[in-house]
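Student: Before we start, here is the structure in question, set down as structure tokens.
The values are calculated or read from the model by the stated rules, or taken from the named source; none is laboratory data. What you see is a predicted model, and the numbers here were worked out from it, not measured in a lab. Positions of Cβ are generated from backbone atoms using ideal geometry, with glycine treated the same way; all protein chains shown enter the neighbour counts. Note: accessible area is taken over every heavy atom of the protein model, side chains too, but ligands, DNA and RNA are not part of it. Shrake-Rupley method; radii C 1.70, N 1.55, O 1.52, S 1.80 Å.
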Amino acid sequence: MNGFYPIILQLRGKRCVVIGGGAVAERKMLGLLDAGADHVIVISPAVTPRIEQLSAAGVILLERRDYEEDDVRGAWLIFAATSDKAVNAAIAAAGERLDILVNAADESSRSSFITPSVVRRGDLLLAVTASGASPALSQQIKTELEERYGSCYEEITARLRRLRERAISRVLDERDRQIVLRLAAEEAVQLTGKNFDVDEWLQSLLHRIDRGHA
Ligand SMILES: C[C@@]1(CC(=O)O)c2cc3[nH]c(cc4nc(cc5[nH]c(cc(n2)[C@H]1CCC(=O)O)[C@@](C)(CC(=O)O)[C@@H]5CCC(=O)O)C(CC(=O)O)=C4CCC(=O)O)c(CCC(=O)O)c3CC(=O)O
Ligand SMILES: NC(=O)C1=CN([C@@H]2O[C@H](COP(=O)(O)OP(=O)(O)OC[C@H]3O[C@@H](n4cnc5c(N)ncnc54)[C@H](O)[C@@H]3O)[C@@H](O)[C@H]2O)C=CC1
């Protein structure tokens, strides 16, 4: 069994380098952009139309050439996604040498991190991995999660964030606050589509605690 530690990275301002320009590189690059990465560089002699388009729009930087050893220098995150196994291995080794996080798309044993299948609903992020055992299984479970957690979860999560901010500033008793936030998370789904006032919601949750219903 492979052991991997899941973390959710903040990529703003971080130099993310994707080497390769095929379908796999495109998927990794789009994942970076979905996460809000704003410093993405793609290095490849040939690229997909989508990579080309995003480069033309100035969303990513494209260097249309083969990988060179210096490309990893100064990177924070690297994806080795070329169709050349030797090149991917060299990129992984360079990343390892410089202690930079590197993903080798063709060989998980050379990767310091792997990428999960992801469902995004606003701030709610569901990530699935089989740790390299079966990307297809991860993809399948992702599809199930997409159905189970529909687009309404974006609003649910946004409301809970607002309620939590309010509770943190107004409910000073820590135990009460924890109960309120737990109740809110349980109740939020039933409130979708209904008129919403965050202060009223907080008041009604606090009343329930006062009346001993929580
Ligand atoms: C270890 C890992 C490293 C990494 O890439 O981070 C890795 C490695 C490899 N993938 C391979 C193949 C495929 N990968 C996919 C798809 C995805 N692969 C992703 C992640 C991961 N793939 C990491 C482990 C995740 C886990 O186990 O959960 C997903 C989840 C996320 C993403 O890429 O964004 C994304 C689905 C995105 C989505 O739709 O949600 C498909 C299906 C398809 O393409 O339709 C196939 C063909 C079917 C098959 O082989 O199962 C090969 C063989 C390559 C070869 O043949 O040479 C290797 C190399 C190896 O096994 O060492
Ligand atoms: N981790 C994953 O999710 C998956 C990984 N793979 C692996 O990823 C590799 C890439 O897959 P695809 O994108 O489908 O291949 P592809 O053949 O569509 O694209 C390969 C890209 O690598 C570029 N390239 C080749 N040599 C290069 C070099 N020296 N420097 C920079 N760029 C170079 C090419 O220009 C091309 O854009 C495959 O070889 C496969 O082993 C395949 C499927 C899924």
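Student: If I model the chain as equal point scatterers sitting on the Cα atoms and use the Debye formula, what is log10 I(q)/I(0) at q = 0.13, 0.15 Å⁻¹?
Tutor: Values, matching the q order: -0.83, -0.96.
Student: Please report the orientation-averaged projected area of region 152-210, defined via the convex hull of its C-alpha atoms, in nm².
Tutor: Hull-based average projected area comes out at 3.6 nm².
Student: Can you tell me the relative contact order of region 66-214? Whole percent, Cα pairs under 8 Å, sequence separation 6 or more.
Tutor: The value is 14 percent.
Student: Shifting gears a bit: What is the list of residues in region 46-60 whose amide nitrogen lies under 16 Å from a point 7 angstrom out from the Cα of PHE113, following Cα to Cβ?
Tutor: Within reach of a label on PHE113, which here means backbone N under 16 Å from a point 7 Å along Cα→Cβ, region 46-60 contributes nothing.
Student: Moving to a separate point now. Compute the angle between helix 85-98 and the longest alpha-carbon principal axis of the chain, please, reported from 0 to 90 degrees and rounded to the nearest 10.
Tutor: On a 0 to 90 degree scale, this one is about 60.
Student: Ignoring solvent entirely, what values of log10 I(q)/I(0) come out of the Debye formula for region 16-115 at 0.17, 0.19, 0.21, 0.24 Å⁻¹ when each Cα is a single scatterer?
Tutor: For region 16-115 at q = 0.17, 0.19, 0.21, 0.24 Å⁻¹, log10 I(q)/I(0) is -0.64, -0.81, -1.01, -1.33.
Student: Where a Cα-Cα gap under 22 Å defines reach, which lysines qualify for LYS28, not counting those fewer than 8 residues away within the same chain?
Tutor: Correct list for LYS28: LYS14, LYS85, LYS142.
Student: Got a sec? What order do PHE113, PHE79 fall in by accessible area at 1.4 Å, biggest, i.e. largest, first?
Tutor: In descending accessible area the options line up as PHE113, PHE79.
Student: Using a 1.4 angstrom probe on the protein heavy atoms only, line up SER131, SER83, SER109 by accessible area, largest first.
Tutor: SER83, SER109, SER131
Student: Next question, about the same structure. For region 48-163, what does the convex hull of the Cα positions come to per residue, in cubic angstrom?
Tutor: With only Cα atoms used, region 48-163 gives 166 Å³ per residue.
Student: Could you give the nm distance between label points at GLN190 and GLN53, where each point is 7 Å from its Cα heading toward the beta carbon?
Tutor: For GLN190 paired with GLN53, the spin-label model returns 4.4 nm.
Student: Quick one: if you take sqrt(5λ) for each eigenvalue of the C-alpha gyration tensor of region 8-63, what semi-axes come out, biggest first, whole angstrom?
Tutor: Over the Cα atoms of region 8-63, the semi-axes work out to 17, 11, 10 Å.
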